[in-house]
1. May I ask you to derive the FRET efficiency for ARG192 and GLN16 from their Cβ-Cβ distance with R0 = 30 Å, giving the value to the nearest 0.05?
2. Based on Cβ point charges of +1 for Lys and Arg and -1 for Asp and Glu, what charge dipole magnitude is obtained for the chain about its Cα centre, in debye rounded to the nearest 20?
3. Amide H of GLU87: which non-local residues (sequence gap of 5 or more, or other chain) have their own amide H closer than 5 Å, using H built in the peptide plane?
4. Helix hunt in the chain: which complete DSSP H runs extend at least 24 Å axially by C-alpha with mean Kyte-Doolittle at least -1.0?
5. Could you report the range 138-215's accessible area per residue, 1.4 Å probe, as an integer in Å²?
6. If you take the square roots of the eigenvalues of the alpha-carbon gyration tensor of the chain and sort them as a ≥ b ≥ c, do you get rounded (a/c under 1.5), prolate (a/b over b/c) or oblate?
7. Counting Lys +1, Arg +1, Asp -1, Glu -1, what net charge surrounds ALA92 among other residues with beta carbon under 15 Å of its beta carbon?
8. Just subtract the alpha-carbon distance of GLU87 and ALA139 from 0.36 nm times their residue separation and send over the number in nm, one decimal.
Amino acid sequence: MDIEGERPGLRERKKQETRIALSWAAIRLAVERGLDNVRVEDIAAEAGVSPRTFNNYFSSKGEAIVARHFDRARQIAEELRARPAPEPLWEALVNAVTARFALGQDTGGESTPDRQWVDGVRLMVNDPALTGAFAAAAAAAEAELAAAVAERTGTDAALDLYPRLVAGAVGVAIRVVMERWLNAEPPVPIARLLQDALGQLSAGLPVPPKGPSHP
């Protein structure tokens, strides 16, 4: 066994684990205390590292928080690339999004969320201090997914409209689902909303029958 050859891979995994731990620590503390009441030192302590280590990964607490948004998009794109080639594009997209949306946390979005946690997330994502960071992460996420769609469809993400339109539609669907999830009464599992939204997109957004709104 080539131990030396394995060391760079192990280092990269540890760096990624530290980055994830810092990002989740930033999110947890911002939800619990409010963004203004969280310092970089608090995030580092929560993740069990030094503030200097935090600064090696992120330039601000806002960047640490929105990192999960970009990581989610990157993993969805990776999952899309890994889907079987014969699988229709929209079926592959639905499977990719639902498989990777939760980033390995909790139960993949199947459980009913805790109301206090949802309230904290709502305050955090609506904080004006994070608006620019979330917008930048959303743009990067759309580009990442568009590249994966282009590869799967034989199109060019820089020249063709199709991959960017698909990535934009998926991004909007995720944003609408998040807004609905944050305001649902009673709370509902986010996986159910995702499947509904992406299912409607894959069907071409047919006009729904008239009737009472669904949760």
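1. 0.50
2. 180
3. For GLU87, no residues qualify.
4. Counting only whole DSSP H runs, the qualifying helices are 3-33, 61-82, 131-153, 161-183.
5. Working: 4590 Å² over 78 residues.
Value for the range 138-215: 59 Å² per residue.
6. It comes out oblate by the Cα gyration axes.
7. The answer is -1.
8. Full extension of this stretch gives 16.0 nm more.
The values are calculated or read from the model by the stated rules, or taken from the named source; none is laboratory data. This is a predicted model, so every value here is computed, not measured. Cβ sites come from the backbone with ideal geometry, for glycine too, and all protein chains shown count toward neighbours. The protein model used for the area step is the full one, side chains on, heavy atoms only, and it has no ligands, DNA or RNA in it. Shrake-Rupley method; radii C 1.70, N 1.55, O 1.52, S 1.80 Å.
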